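The values are calculated or read from the model by the stated rules, or taken from the named source; none is laboratory data. The model shown is predicted, which means the values in this text are computed figures rather than measured ones. A quick note on method: Cβ atoms are made from the backbone with ideal geometry, for glycine too, and the neighbour counts reach across all protein chains shown.
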Amino acid sequence: MEGQKLKLDVSGMHYRELNARLRQMVQNGVQCIELYNVCGQRYIASNLGKPVEIHLYGTPGNDLAAFMDGPRIIVHGNAQDGCGNTMNSGEVVVHGRAGDVTGYAMRGGRIFIRDDVGYRVGIHMKEYQDQRPVIVIGGTAQPFLGEYMAGGVLVVLGLTLAPGARHTATYIGTGMHGGVMYLRGEVADHQLGREVARMPLDEADRALLAQLVGEYAAYFGCDAERILDQPFTKLAPLSSRPYGRLYAY
Amino acid sequence: MSLNLLASEFQVVRDDTRCIACQVCVRQCANDVHAYDAESDVVYSDETRCVGCHRCATLCPTRALTIRLALHEFRPNANWTPAALYNLYKQSQTGGVLLSGMGCDQPYPVYFDHLLLNASQVTNPSIDPLREPMELRTVIGRRPGRVEVTQGPEGLRLETRLGPHLVLETPILFSAMSYGSISYNACLSLARAAKECGILYNTGEGGLHPTLYEYGPWTIAQVASGRFGVHPEYLRTAAALEIKIGQGAKPGIGGHLPGEKVTADVSRTRMIPEGTDALSPAPHHDIYSIEDLRQLIYALKEATNYEKPVGVKVAAVHHIAPIASGIARAGADYIAIDGLRGGTGAAPTVIRNHVGIPIELAIAAVDQRLREEGIRHQVSLIAGGSIRSSADVVKAIALGADAVYIATAALVAMGCHLCQKCYTGKCNWGIATQDPYLTKRLNPNIGVRRLANLIRAWSLEIKEMLGGMGLNAIESLRGNRDHLRGVGLNEVELNALGIQAAGAA
């Protein structure tokens with residue numbers, strides 16, 4: 001089976017069996033796995049520890065790629081809540097939407113979501129040394145985007161918004177004390193958390209956006225230049241110590 | 001600010017006939033209480049900065065120093081106590097939230113001190129643990145409702161697959177204290193002592209220092225809302241994982257490790273940039289229900305191949321019994337409950353002193369509830385929140401705990417004097433600080449010795465108490481409330497604890 005591509009129909013299979021079989025396949029050296037009729041199974045690709053490629057057809061359940069270290073996951077459908085929870089490295093590409101707390105405390109790797117995401121996406125994202133997590137969202141997000149964000153990059157492209165419509169998320173970056181967020185289009189002051197501010201984009205920002213939007217466009221087949229044509233809002237934390245003056249010493 | 005209304009809390013009494021101006025006190029005090037005036041060759045003290053940690057008095061070679069409570073006395077007032085006044089002065093001066101270290105110090109009833117143990121007389125023999133076998137070994141984890149065995153050619157064979165367990169040589173674990181809140185030397189002392197004593201220590205939510213990975217089999221690794229230092233290797237290394245929901249000193253609120261404590265080394269362990277605040281809010285935003293808790297429990301089980309117990313730590317609060325029932329049903333292998341008096345490196349004083357319930361009542365309520373629901377065997381119960389002596393251990397187990405978590409007692413063993421100023425980062429005993437000048441004061445070789453001594457001494461005492469009750473295994477004591485009697489408790493309290501009053505037949 002070494003280096004082989006394996007296909008598996010997982011309809012009706014419990015997550016525990018599904019994940020055990022995945023681990024077995026990866027241990028046996030399978031490099032590319034396609035799972036069909038995925039329906040709500042949780043924790044897919046947790047604890048695999050190798051850079052294998054896994055295609056999921058259907059709807060994987062919560063905590064897809066939780067604690068994931070290495071694999072590349074392509075979801076041909078929607079992801080649910082907690083996708084990339086505390087993920088360490090690897091990549092998740094979702095050809096659809098993703099739910100709440102996508103990328104919770106993610107400390108490395110990349111997540112690309114074609115459409116919209118739910119609440120509190122990117123919460124507690126952290127970066128450390130060469131590990132800098134990235135989430136690119138093609139559509140728009142619900143409130144508390146990037147809450148407590150301590151590092152990494154969040155990009156929201158707003159491609160699912162109707163012409164002229166704006167992002168409606170509120171409490172964007174509340175408690176944020178590290179990392180950076182780019183939203184295509186404008187956001188009003190009342191939509192921002194108290195700990196973030198708009199910053200001007202510099203050359204490094206533009207280069208990073210060009211690269212990430214380029215990858216997004218390549219994954220989902222759209223025109224990067226047209227996306228980059230519109231202005232982006234850059235949000236960054238005002239302080240790395242947001243609550244330093246809260247206490248009486 | 002113009003006028004500081006705060007008076008000193010302590011008085012530094014220096015016996016000038018003994019003081020040789022050697023300046024040990026000057027060097028030992030990180031709060032700069034003592035200063036040397038070279039011109040007059042005299043050491044002065046500014047007691048307004050004194051926190052009452054006794055470092056100077058303990059190290060003074062001529063015993064010239066005594067620390068006393070400050071003598072300023074207000075007009076007696078049973079309502080407006082000096083502590084209440086000082087807190088008002090401090091808050092009106094700073095506009096900030098009052099902080100405290102360690103556990104609640106308010107005079108709520110300590111139920112352990114109203115419980116008395118039984119002993120055998122005449123009708124059933126007591127056991128002498130010095131000469132007869134006495135089992136303190138404790139197993140933490142889910143037990144099957146029934147076991148199936150088959151008769152094979154080599155004897156009986158266990159067919160039931162047992163879940164992952166932790167085995168403790170004595171029913172005591174070191175409770176969660178993170179690297180960051182305490183020093184590396186304190187963490188190392190705890191890890192080495194756990195290995196030596198055959199028990200476990202707990203990383204807290206600050207991740208695991210790379211040099212402590214070798215103590216993995218004696219390590220419980222915490223996963224808290226901020227997920228600091230949580231990565232695949234961390235999960236793989238530990239013997240068990242603990243989801244931290246709450247803590248007795250601050251139920252319902254989270255933690256802020258201030259940026260100045262996030263040194264280069266702490267930053268490496270927490271995996272966040274140096275100098276940034278480490279924020280752990282109270283809610284895990286992927287857990288809004290028991291079902292969600294189950295999801296994280298099984299996420300951790302999946303991430304570790306179902307090879308490790310996964311526990312859940314909660315603070316003892318009003319509805320602790322149904323909460324514990326939910327945690328058990330969510331699939332936790334153990335529940336750690338931390339009572340009102342549980343310690344902390346920093347908590348808002350108002351929360352620490354006013355939120356939660358005493359651990360004694362929580363153990364009794366949870367054990368009772370889990371028994372009534374027939375699920376007590378599915379989960380172990382670890383009780384913490386001010387276990388001060390081996391007697392408290394025995395009483396906690398008799399009330400229904402499987403084992404106890406100790407942290408304050410362990411810190412005291414390493415030299416802590418309970419000055420409650422952990423949050424300042426200026427711990428003169430080298431425990432709750434990251435200042436290298438201070439941390440080297442705690443020699444891990446001495447720390448581990450003192451911790452191991454404490455565990456050994458308590459274990460001997462527990463055996464003596466068990467033997468006196470005619471029991472030869474700690475298992476036989478768990479939830480055996482017939483061995484407890486209450487003194488000075490009212491009917492409601494006796495019922496809540498599930499015990500009879502002393503003197504009952």
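For the structure I just gave you, tell me whether A:Asp100 is at pLDDT 95 or above and either farther than 25 Å from A:Gly221 by Cβ or surrounded by fewer than 24 Cβ atoms within 10 Å (Cβ to Cβ) (or both). Here the answer is yes, as A:Asp100 does meet what is asked.
One residue stands out among those in region B:12-33 that are outside any helix (DSSP H, G or I) and within 30 Å of the chain's Cα centre (by Cα): the one that is surrounded by the fewest Cβ atoms within 10 Å (Cβ to Cβ), which is B:Asp32.
Taken over region A:1-16, the criterion of being more than 15 Å from A:Ala45 (Cβ to Cβ) and within 14 Å of another protein chain (Cβ to nearest Cβ) is satisfied by A:His14 alone. Among the residues of region A:125-137, those that are more than 11 Å from chain B (Cβ to nearest Cβ) and either of a type in the set (Ser, Thr, Tyr) or touching a helix residue (DSSP H, G or I) at 6+ places or on another chain (Cβ under 8 Å) (or both) comprise A:Val134, A:Val136.
Among residues that are closer than 25 Å to A:Asp115 by Cβ, of a type outside the set (Val, Ile, Thr) and within 12 Å of chain B (Cβ to nearest Cβ), A:Met149 is included. Just to be sure, is A:Ser89 in contact with a strand residue (DSSP E or B) (Cβ under 8 Å, 6 or more places away or on another chain), modelled with pLDDT of 95 or more and away from chain B (no Cβ under 14 Å)? When the stated conditions are applied, A:Ser89 does not pass them. Filtering region A:8-25 to residues that are farther than 12 Å from A:Val38 by Cα and among the charged types (D, E, K, R) leaves A:Arg16, A:Glu17, A:Arg21, A:Arg23. Within region B:231-245, being over 19 Å from B:Gly331 (Cβ atoms) and either more than 13 Å from every other protein chain (Cβ to nearest Cβ) or assigned to a loop (DSSP other than H, G, I, E, B) (or both) holds for B:His231, B:Thr237. Evaluating A:Leu209 against the criteria (1) surrounded by fewer than 21 Cβ atoms within 10 Å (Cβ to Cβ); (2) under 17 Å from A:Glu225 (Cα atoms); (3) not aromatic (Phe, Trp, Tyr) leaves one unmet condition, (1).
Could you list, in sequence order, all residues of region A:212-249 that are more than 14 Å from every other protein chain (Cβ to nearest Cβ) and exposed (fewer than 12 other Cβ atoms within 10 Å of the Cβ)? Passing the criteria: A:Ala218, A:Gly221, A:Asp223, A:Glu225, A:Arg226, A:Asp229, A:Gln230, A:Pro231.
Scanning region A:155-174 for residues that are crowded, with 24+ Cβ neighbours inside 10 Å, touching a residue at least 40 places away in the same chain (Cβ under 8 Å) and within 14 Å of A:Val136 (Cα to Cα) yields one hit, A:Leu157.
Would you be able to say whether some residue in region B:34-55 is surrounded by 12 or more Cβ atoms within 10 Å (Cβ to Cβ), modelled with pLDDT of 95 or more, in contact with a Phe, Trp or Tyr (Cβ under 6 Å, 6 or more places away or on another chain) and within 30 Å of B:Ile359 (Cβ to Cβ)? Checked against the condition, which is being surrounded by 12 or more Cβ atoms within 10 Å (Cβ to Cβ), modelled with pLDDT of 95 or more, in contact with a Phe, Trp or Tyr (Cβ under 6 Å, 6 or more places away or on another chain) and within 30 Å of B:Ile359 (Cβ to Cβ), region B:34-55 yields at least one hit.
Taking region B:454-505 as the range and being touching a Phe, Trp or Tyr at 6+ places or on another chain (Cβ under 9 Å) and not hydrophobic (A, V, I, L, M, F, W, C) as the test, the residues that pass are B:Gly486, B:Glu493. Of all the numbered requirements in (1) crowded, with 24+ Cβ neighbours inside 10 Å; (2) under 14 Å from B:Glu461 (Cβ atoms), B:Ser390 misses one, and that requirement is (1).
B:Leu399 falls short on exactly one of the conditions (1) touching a helix residue (DSSP H, G or I) at 6+ places or on another chain (Cβ under 7 Å); (2) surrounded by fewer than 22 Cβ atoms within 10 Å (Cβ to Cβ), and that condition is (2).
Among the residues making up region B:258-291, those that are facing another protein chain (nearest Cβ under 9 Å) and without any contact (Cβ under 8 Å) to a residue 12 or more places away in the chain are B:Ser267, B:Pro273, B:Asp286.
If the condition is being hydrophobic (A, V, I, L, M, F, W, C) and within 10 Å of chain B (Cβ to nearest Cβ), then region A:93-124 contributes A:Val101, A:Ala105, A:Met106, A:Ile123.
Yes or no, residue by residue, for (1) within 19 Å of the chain's Cα centre (by Cα); (2) in contact (Cβ under 8 Å) with a residue 12 or more places away in the chain:
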{"position": "A:Met149", "(1), (2)": "yes, yes"}
{"position": "A:Met176", "(1), (2)": "yes, yes"}
{"position": "A:Asp202", "(1), (2)": "no, no"}
{"position": "A:Ala210", "(1), (2)": "yes, yes"}
{"position": "A:Ser240", "(1), (2)": "no, yes"}
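Among B:Gly430, B:Gly467, B:Gly425, B:Gly447, which is the only one that is touching a Pro at 6+ places or on another chain (Cβ under 7 Å) and touching a residue at least 12 places away in the same chain (Cβ under 8 Å)? After ruling out the rest, the residue left standing is B:Gly467.
Just one of (1) acidic (Asp, Glu); (2) away from chain B (no Cβ under 12 Å); (3) touching a Leu at 6+ places or on another chain (Cβ under 8 Å) fails for A:Glu53. It is (3). Of all residues being out of contact with any Pro (no Cβ under 9 Å at 6 or more places or on another chain) and surrounded by 24 or more Cβ atoms within 10 Å (Cβ to Cβ) in region A:64-86, which is farthest from the other protein chains (Cβ to nearest Cβ)? Just the residue, please. Across region A:64-86, the extreme among qualifying residues is A:Leu64.
The condition (being under 24 Å from the mean Cα position of the chain (by Cα), touching a residue at least 40 places away in the same chain (Cβ under 8 Å) and either closer than 30 Å to B:Ala504 by Cβ or assigned to a helix (DSSP H, G or I) (or both)) is satisfied by just one residue among B:Leu116, B:Leu99: B:Leu116.
Scanning region A:48-55 for any residue that is closer than 26 Å to B:Glu233 by Cα, free of Cβ contacts under 8 Å to residues at least 24 places away in the same chain, surrounded by 15 or more Cβ atoms within 10 Å (Cβ to Cβ) and among the hydrophobic types (A, V, I, L, M, F, W, C) turns up nothing. For region A:103-126, filtering for residues that are at negative phi, aliphatic (A, V, I, L, M) and either at pLDDT below 95 or touching a His at 6+ places or on another chain (Cβ under 7 Å) (or both) leaves 1. Beta carbons closer than 9 Å, at least 6 apart along the sequence or on distinct chains, pair a first residue in region B:63-87 that is touching a residue at least 40 places away in the same chain (Cβ under 8 Å) with a second that is of a type in the set (Phe, Trp, Tyr) for B:Ile67/B:Phe10; B:Arg68/B:Phe10; B:Leu69/B:Phe10; B:Ala70/B:Phe10. Of the residues that make up region B:333-353, is at least one over 17 Å from the mean Cα position of the chain (by Cα), closer than 22 Å to B:Ile290 by Cβ and either surrounded by 21 or more Cβ atoms within 10 Å (Cβ to Cβ) or hydrophobic (A, V, I, L, M, F, W, C) (or both)? The answer is yes, given that some residue of region B:333-353 is over 17 Å from the mean Cα position of the chain (by Cα), closer than 22 Å to B:Ile290 by Cβ and either surrounded by 21 or more Cβ atoms within 10 Å (Cβ to Cβ) or hydrophobic (A, V, I, L, M, F, W, C) (or both).
Please go through region B:442-455 and give me each residue that is surrounded by fewer than 19 Cβ atoms within 10 Å (Cβ to Cβ) and over 18 Å from the mean Cα position of the chain (by Cα), ordered by number. Once the filter is applied, which keeps residues that are surrounded by fewer than 19 Cβ atoms within 10 Å (Cβ to Cβ) and over 18 Å from the mean Cα position of the chain (by Cα), region B:442-455 yields B:Asn443, B:Asn445, B:Ile446, B:Arg449.
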